[in-house]
Amino acid sequence: IDLYYGDLEDQIALMDYDFTESLAYLIKNICRMLNFEPVLLRASQLNSKEVEEAEGPDKIFEIAKQTETDLYISGINGREYGILECFEQSSIGVKFHTDQPTPYSQAGYDFVPHLAFFDALFYAGKDWVENQVKKIPTLED
């Protein structure tokens, strides 16, 4: 817990209590705990009128174009909100991440997937969580 929250209060104060900056700090903090450095890019940093004006899946498509990606990986629910339709006329590929949670012991209770990050950290340990985060995801068309 101290690795995650240890200096949070001081950091938030340094960021003038900006919610977005605080969340970015926490995301980076989790990644540092798990021994990797993320690259975070906000849509507002792209300085793109197309990105700024787009909404929903069209905004995701515009971000993908602006960042010159060749593959967009969506959550499985992206199928339901128009991701494929937005990308179908482009050369950008689309894959869907199908989450297959790996069970771990939860203090003798039946395994409940999709709980908070801390559940796995407390019950399975940092090394286990790090291995899960770094494994190759299951992707489908």
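The values are calculated or read from the model by the stated rules, or taken from the named source; none is laboratory data. What you see is a predicted model; the values in this text were computed from it and never measured. Reconstructed Cβ throughout: ideal geometry from the backbone, glycine too, with neighbour counts over all protein chains shown. Each accessible area value is taken on the protein alone, full model and side chains, heavy atoms only, with ligands, DNA and RNA left out. Shrake-Rupley method; radii C 1.70, N 1.55, O 1.52, S 1.80 Å.
Quick one: residue 37 ticks every box in (1) part of a helix (DSSP H, G or I); (2) within 25 Å of residue 132 (Cβ to Cβ); (3) among the acidic types (Asp, Glu) except a single one, so which number is it?
Every listed condition holds for residue 37 apart from (1).
So, in segment 68-101, exactly how many residues are within 28 Å of residue 129 (Cβ to Cβ), modelled with pLDDT of 95 or more, open to solvent by 50 Å² or more (accessible area, probe 1.4 Å) and part of a loop (DSSP other than H, G, I, E, B)?
Residues meeting the conditions: 0.
For residue 55, work out the one condition from (1) surrounded by fewer than 12 Cβ atoms within 10 Å (Cβ to Cβ); (2) touching a residue at least 24 places away in the same chain (Cβ under 8 Å) it doesn't fulfil.
Evaluating residue 55 over (1) surrounded by fewer than 12 Cβ atoms within 10 Å (Cβ to Cβ); (2) touching a residue at least 24 places away in the same chain (Cβ under 8 Å) leaves (2) as the failure.
Hey, among 96, 36, 61, 111, which residue is in contact with a Leu (Cβ under 7 Å, 6 or more places away or on another chain) and at negative phi?
Values: 36 fails: in contact with a Leu (Cβ under 7 Å, 6 or more places away or on another chain); 61 fails: in contact with a Leu (Cβ under 7 Å, 6 or more places away or on another chain); 111 fails: in contact with a Leu (Cβ under 7 Å, 6 or more places away or on another chain).
The conditions single out 96.
Which of the residues belonging to segment 40-52 are assigned to a helix (DSSP H, G or I) and either under 30 Å from residue 123 (Cβ atoms) or in contact (Cβ under 8 Å) with a residue 12 or more places away in the chain (or both)? Give the steps one after another, and end with the answer.
From segment 40-52, those assigned to a helix (DSSP H, G or I) are 43-46, 49-52; that's our starting set.
Hits for segment 40-52 are 43, 46, 50, 51.
So, residue 14, is that one at pLDDT below 95, open to solvent by 80 Å² or more (accessible area, probe 1.4 Å) and not basic (Lys, Arg) or not?
Numbers: at pLDDT below 95: yes; open to solvent by 80 Å² or more (accessible area, probe 1.4 Å): yes; not basic (Lys, Arg): yes.
Yes: the conditions hold for residue 14.
Quick check on residue 42: is it open to solvent by 80 Å² or more (accessible area, probe 1.4 Å) and more than 24 Å from residue 140 (Cβ to Cβ)? Spell out how you get there, then give the answer.
Numbers: open to solvent by 80 Å² or more (accessible area, probe 1.4 Å): yes; more than 24 Å from residue 140 (Cβ to Cβ): yes.
Yes.
Say whether the condition of being part of a loop (DSSP other than H, G, I, E, B), farther than 29 Å from residue 8 by Cα and of a type outside the set (A, V, I, L, M, F, W, C) is met by at least one residue in segment 111-134.
no
Among the residues of segment 9-30, is any closer than 21 Å to residue 136 by Cβ and not in a helix (DSSP H, G or I)?
Scanning segment 9-30 turns up no residue that is closer than 21 Å to residue 136 by Cβ and not in a helix (DSSP H, G or I).
So residue 33 fits all but one of (1) within 22 Å of residue 137 (Cβ to Cβ); (2) at pLDDT 90 or above; (3) out of contact with any Ser or Thr (no Cβ under 9 Å at 6 or more places or on another chain); (4) open to solvent by less than 50 Å² (accessible area, probe 1.4 Å); what number is the exception?
Here residue 33 meets the rest and fails (2).
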